[in-house]
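Notes to accompany the following structure.
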Amino acid sequence: MIDVFYPIFYPILSGKTTKLVSVHWITFMNLRSPLILLACLCFSPVIAQENTENTERRTELIQAAIERTTHQVTYDGRYLGIAYPGGDVPDNIGVCTDVVIRSYRKIGIDLQQEVHEDMRAHFSAYPKNWGLKRPDTNIDHRRVPNLQVFFQRHGQELPVTKNAQEYKAGELVTWMLPGNLPHIGIVTDKRSADGKRPLIVHNIGQGPKLEDMLFDYPITGHYRYP
């Protein structure tokens, strides 16, 4: 009889979303197959390393998001032609999605390109709210519903709850504002004055701000990417 304690990670496919589930410790009683043990020893460290790298990137994302709050930005969501890839509207204007886009770009992730490539390959999976018949690199990544679909498809879609502890630093949250206006922000490692809620970096009209607003509006989505 061999008792082996080892952390194992394995992917579970749920619809179009791949979720990484951690089984903290498993006891293999009467383990007779060396191949099983070998698989555990070989694959677990690789996936654990990927988790560590993603955690580091989320830490960088938080720093990039908080840095965005030092910029003077006028809320302006008009349609503008921009370069591709790596395109951006003038840095003194923007909306909620631009906070997310610019924060990710700071850590080497170009959501303009990633969203466009996914929409080009899977256009039918994305909302048709704007009557478009083909992807548009100028605006697609700047629309909250498109980002929601992208994060569902390529990130992790997490539970929407009223428990503030469920919202971890480096994750993304979407809301529906009055007037059916979608909104998005980045969860940070800063806490509210009473310590009960994480602060959010977002732009709701006054430029990028770090605010205690997690439960101010109905939450419509909760994501982790990467």
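The modelled label-to-label distance for the pair Glu56/Glu166, using points 7 Å beyond Cα in the direction of Cβ, is 3.1 nm. Computed over the range 58-224, the quotient of the alpha carbon radius of gyration and 2.2 N^0.38 Å is 0.98. Taking 20 Å as the cut-off for C-alpha to C-alpha distance, list the pairs among Lys128/Lys168; Lys168/Lys209; Lys128/Lys209; Lys168/Lys190; Lys168/Lys196; Lys128/Lys162 that go past it. Exceeds cut-off: Lys128/Lys168; Lys128/Lys209; Lys128/Lys162. Neighbour counts of C-beta atoms inside 10 Å place Phe123, Phe150 in the sequence Phe123, Phe150, starting with the fewest.
Under the convention that each Lys and Arg Cβ holds +1 and each Asp and Glu Cβ holds -1, the size of the dipole of the range 58-224 around its Cα centre is about 240 debye. Subtracting the Cα-Cα distance of Asp216 and Asp194 from their residue separation scaled by 0.36 nm leaves 6.3 nm. Highest average first, the peptides 177-188, 90-101 ordered by how many other beta carbon atoms sit within 10 Å of their residues are 90-101, 177-188. In terms of surrounding Cβ atoms within a 10 Å radius of their Cβ, Met213, Met176 rank from fewest to most as Met176, Met213.
Is the shape of the range 141-209 best called rounded, prolate or oblate, per the rule: a/c under 1.5 gives rounded, else a/b larger than b/c gives prolate, else oblate, with a ≥ b ≥ c the square roots of the Cα gyration tensor eigenvalues? Since a/c reaches 1.5 but b/c is at least a/b, the shape of the range 141-209 is classed as oblate. What does the C-alpha gyration tensor say about the overall shape of the range 68-162? Classify as rounded when a/c is under 1.5, otherwise prolate if a/b is larger than b/c, or oblate. Oblate is the answer for the range 68-162, as a/c is 1.5 or above yet b/c matches or exceeds a/b.
Quick note: the coordinates plus some simple rules give every number you see, no bench work behind them. As the structure is a prediction and not an experimental result, all values here were calculated from the model. A quick note on method: Cβ atoms are made from the backbone with ideal geometry, for glycine too, and the neighbour counts reach across all protein chains shown.
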